[in-house]
Amino acid sequence: MPSRVVVSAPATIANLGPGFDVFGLALAEPADVIEAHATAGAEMKISEVTGVGAGKIPKDPSENTATIAAGKVAEALGREGGAEFTIKKGVKPGGGLGSSGASAAAGAVAMNELLGGKLTDSQLIEAAAFAEAQVAGATHYDNVASSIVGGFVIVASTDPLECIKVEPPKMKIIVAQPELELPTREGRRVLPRKVELEKAVANVGRASAMAAALKEGDLKWFGRYMLDSIAEPARAHLIKGFDEVKGAALGAGALGAAMAGAGPSVFAIIDPKENPKKVEDAMRAAFEEAGTKCETLVTSPGPGAKVVSRED
Ligand code: HSE
């Protein structure tokens, strides 16, 4: 078994419009990178957290999703595995790109490697989702499932956990990340407890159309139905300029645009051959007009968590 592993786990976009808690998409970048050393005893330790927003990340292993997930992995294997972690954050915390999920995914995969790599993807997803629930206040599998297995993931069932991975069509993804932090816990607090039948029907229709579009590899159809009647409208008021930014992306030619997970980031998709600049500029300008500074990044769908290096 290795004594040291380095694991990278990608940022993700959850929901993608109508797939609340069901759809997740792994991104080619950014990613969190975690180095884990096996130690004697059962103790988990975090020696260092660096990178974007590192100051906001708890170093107490009982509060950090990477070490909570690693502990769950050891428990699932019936082992008293202890480890020391170094966390390099590439995914901005509270930004809507599955930051805590990426750390949880990397922590779970790293610990599994240190202990012999016996857990299945579903078991790793369970461990990472348990960790996410500690910080988000509710269990949701979409971010961690896509960060672990990569590509586009449909969380088809949670009990038992069944995730379907689909290779998404090639696309460019433009993300506008406002200088605003919106913890998932807050984004979930404003959700409706009951959903009107018409809205549920509309969302099922669109999510089904997106799944069919994936099968056909039809990006236009996929983007066209990326519309949510349930979570996004309830959360929009938390993000100053949200409607305008989404409208600006579509106005500039994006095939679809939506809130990234629980926000505050907004993302848009375009054909992979298109130049992203027009959509990127339009989204940035709309946020700025609303008085919100923002950064943009252009990425694409990517693979799941991977072992970058290992030492025996
Ligand atoms: N499905 C989750 C939510 C994703 O919308 O709350 C959080 O990133």
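Structure values in brief
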quantity: Qualifying strands (runs of 3 or more DSSP E) (wholly inside the range 1-66; at least 2 residues being within 16 Å of the ligand (Cβ to nearest atom) and either within 14 Å of Ser100 (Cβ to Cβ) or in contact with a helix residue (DSSP H, G or I) (Cβ under 8 Å, 6 or more places away or on another chain) (or both)); calculated: 4-15, 19-39
quantity: Close pairs (6 angstrom Cβ cut-off, 6 or more residues apart or separate chains): of a type in the set (S, T, N, Q) in the range 177-194, within 13 Å of the ligand (Cβ to nearest atom) anywhere; calculated: Gln177/Gly95; Gln177/Ser265; Thr184/Ala136; Thr184/Ala262
quantity: Pair list, Cβ < 6 Å and 6+ apart or interchain, from the range 40-59 residues that are within 19 Å of Ala74 (Cα to Cα) and of a type in the set (Gly, Ala, Ser) to residues that are in a loop (DSSP other than H, G, I, E, B) and at pLDDT below 95; calculated: Ala42/Glu80
quantity: Leu119 being over 16 Å from the mean Cα position of the chain (by Cα), surrounded by 24 or more Cβ atoms within 10 Å (Cβ to Cβ) and closer than 22 Å to Met1 by Cβ; calculated: no
quantity: Residue in the range 218-227 that is under 20 Å from Leu97 (Cβ atoms), out of contact with any Phe, Trp or Tyr (no Cβ under 8 Å at 6 or more places or on another chain), within 16 Å of the ligand (Cβ to nearest atom) and of a type outside the set (Phe, Trp, Tyr) present; calculated: yes
quantity: Residue tally, condition free of Cβ contacts under 8 Å to residues at least 12 places away in the same chain and of a type in the set (A, V, I, L, M), over the range 115-136; calculated: 1
quantity: Any hit, the range 232-246, residues being of a type in the set (Phe, Trp, Tyr) and away from the ligand (no atom under 16 Å from the Cβ); calculated: no
quantity: Residue satisfying condition, being modelled with pLDDT under 95, at negative phi and crowded, with 24+ Cβ neighbours inside 10 Å, within set Gly101, Gly95, Gly107, Gly24; calculated: Gly95
quantity: Among (1) open to solvent by 10 Å² or more (accessible area, probe 1.4 Å); (2) closer than 30 Å to Gln123 by Cα; (3) within 13 Å of the ligand (Cβ to nearest atom); (4) in contact (Cβ under 8 Å) with a residue 40 or more places away in the chain, the one test that Met259 misses; calculated: (1)
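Table: residues versus (1) within 30 Å of Phe287 (Cα to Cα); (2) touching a strand residue (DSSP E or B) at 6+ places or on another chain (Cβ under 9 Å); (3) away from the ligand (no atom under 16 Å from the Cβ).
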{"residue": "Phe152", "(1), (2), (3)": "yes, yes, no"}
{"residue": "Ile164", "(1), (2), (3)": "no, yes, yes"}
{"residue": "Gln177", "(1), (2), (3)": "yes, yes, no"}
{"residue": "Arg185", "(1), (2), (3)": "yes, no, no"}
{"residue": "Arg188", "(1), (2), (3)": "yes, no, no"}
{"residue": "Ala207", "(1), (2), (3)": "yes, yes, no"}
{"residue": "Met210", "(1), (2), (3)": "yes, yes, no"}
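The values are calculated or read from the model by the stated rules, or taken from the named source; none is laboratory data. Please read these numbers as outputs of a predicted model, since none were measured by experiment. When we count neighbours, we look across all protein chains shown, and the Cβ atoms used for this are built from the backbone with ideal geometry, even at glycine. Note: areas computed on protein heavy atoms with side chains; ligands, DNA, RNA excluded. Shrake-Rupley method; radii C 1.70, N 1.55, O 1.52, S 1.80 Å.
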